[in-house]
Amino acid sequence: MKPVIQTYKNSNEVGECDRNNIVISVIFELKPGAKSKYEEEDQIILKEFVSDTISKEREQFFNDELKMVYHHMIKQYYDPNIDDYLCRMKFFEKSSEFETNWPERPLNDQIFIKYKTSTSVGCEHYVVGCDLQCPTCEKFYTCRMCHEENEDHEFPRYEVTTVRCKYCRLVQPIGQYCKQCNVCFGVQYCQKCRLICDMGTNQKPFYHCEKCGMCTIGYPDHDTHCDSCNQCYHNYQFEKHKCVKQADSCAVCLGQMFNSNYATIILKCLHQVHFHCYSGGPSKCFFELGRRMKFII
């Protein structure tokens with residue numbers, strides 16, 4: 001089987017200041033009779049895709065992750081031809097069909113995941129091919145978070161009308177493609193949120209929820225909006241979830257929750273933390289955690 005490899009922006013086509021470090025998820029199975037999941041010669045690569053950007057505060061965390069190999073799911077539930085996010089969601093929905101200690105199954109019955117790094121185009125928060133102009137200060141930044149790390153005022157994201165191509169530097173009205181060099185700024189684009197992202201749908205498929213008033217990770221036909229929580233829940237979690245107002249800050253790092261582009265986890269104690277602040281890290285499929293998690297982009 002030919003592996004499904006996601007292409008991503010070539011960092012050599014832009015200046016050094018427009019390059020970023022990214023995480024590539026590598027999905028693989030083992031050759032028949034393999035004794036260890038760590039031996040690369042026994043790994044059959046099924047899929048590779050961009051799964052995260054690496055910010056300065058998380059460099060050491062990802063350096064540690066590069067040494068690891070994790071159990072992804074049972075082989076019969078994996079299809080490399082559909083989004084990995086959707087595979088994980090369906091796997092969790094089918095959890096009643098198999099034992100909770102499934103990682104103890106024979107190695108050849110499982111799918112594994114490991115990580116590697118590369119470089120692409122964007123910032124430490126996004127993979128994207130353009131800069132956004134702040135309507136307030138008229139300065140260009142790759143994203144609103146880059147802006148707020150350097151300026152003393154908020155970035156009015158819904159008022160953005162102008163972008164600058166990172167490749168040809170043309171300043172132009174916001175859109176998905178450059179009007180001069182025709183480069184695609186991002187495979188996903190929301191005109192309402194002024195959101196452009198080239199991460200891809202394997203890790204961050206998103207849609208615009210009118211009730212949330214923003215884009216959220218997931219699929220509209222798999223989610224239901226809770227008017228009490230003012231959040232979208234996966235359909236299989238909606239009936240059993242406990243309504244809770246979204247916290248202002250992460251219980252671990254004290255960073256913002258509502259404006260974060262990282263996952264949110266609601267623990268049994270109802271404290272809310274960023275996904276990357278949770279000790280399980282990206283190695284644990286967030287559908288396996290048994291908590292409500294939501295990506296806000």
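Details
- By the rule of a C-alpha distance below 20 Å, with chain neighbours fewer than 8 residues away ignored, the lysines paired with LYS211 are LYS192, LYS242, LYS245, LYS294.
- In straight-distance terms, cross-link reach from LYS166 covers every one of the aspartates and glutamates whose alpha-carbon lies under 19 Å from its own, apart from those fewer than eight places away in the same chain; here that gives GLU13, GLU16, ASP18, GLU124, ASP131, GLU138, ASP198.
- GNM result for the chain, Cα springs below 10 Å: residue of LYS94, LYS75, LYS204 fluctuating most strongly: LYS94
- Size of electric dipole in the chain: Cβ of Lys, Arg +1 and of Asp, Glu -1, about Cα centre, debye, nearest 20: 300 debye
- The mean sequence separation of alpha-carbon pairs under 8 Å and at least six residues apart, normalised by the residue count of the chain, gives a relative contact order of 14 percent.
- Averaged over residues, the count of other Cβ atoms within 10 Å places the peptides 33-44, 206-217 in the sequence 206-217, 33-44, highest first.
- Summary of the geometry: segment 47-63 and segment 170-241, compared by the centres of their Cα atoms, lie 21 Å apart.
- Sorted by Cβ neighbour density within 10 Å, fewest at the top, the residues VAL127, VAL69, VAL171: VAL171, VAL69, VAL127
- Between amide H atoms placed 1.01 Å from N, distances below 5 Å from VAL252 occur with HIS274, all of them 5 or more places distant or on a separate chain.
- From helices alone, the chain scores -2000 deg cm²/dmol at 222 nm; the rule is -39500 (n - 2.57) for each run of n ≥ 4 DSSP H residues, then divide by the residue total.
- Between ASN235, PHE91, THR201, the Cα set farthest toward the positive side of the dipole of the chain (charges on each charged residue's Cβ, about the Cα centre) is that of ASN235.
- The alpha-carbon of LYS67 sits under 16 angstrom from the alpha-carbons of these lysines, leaving out residues fewer than 8 places away in its chain: LYS37, LYS114, LYS116, LYS284.
- Angle in degrees between helix 84-93 and the longest Cα principal axis of the chain, rounded to the nearest 10: 50 degrees
Computed from the coordinates by the stated procedures, all read-outs in this text should not be read as laboratory data. Everything numeric in this text was worked out from a predicted model, so none of it was measured. All Cβ positions, even for glycine, are placed from backbone atoms using ideal geometry, and neighbour counts span all protein chains on display.
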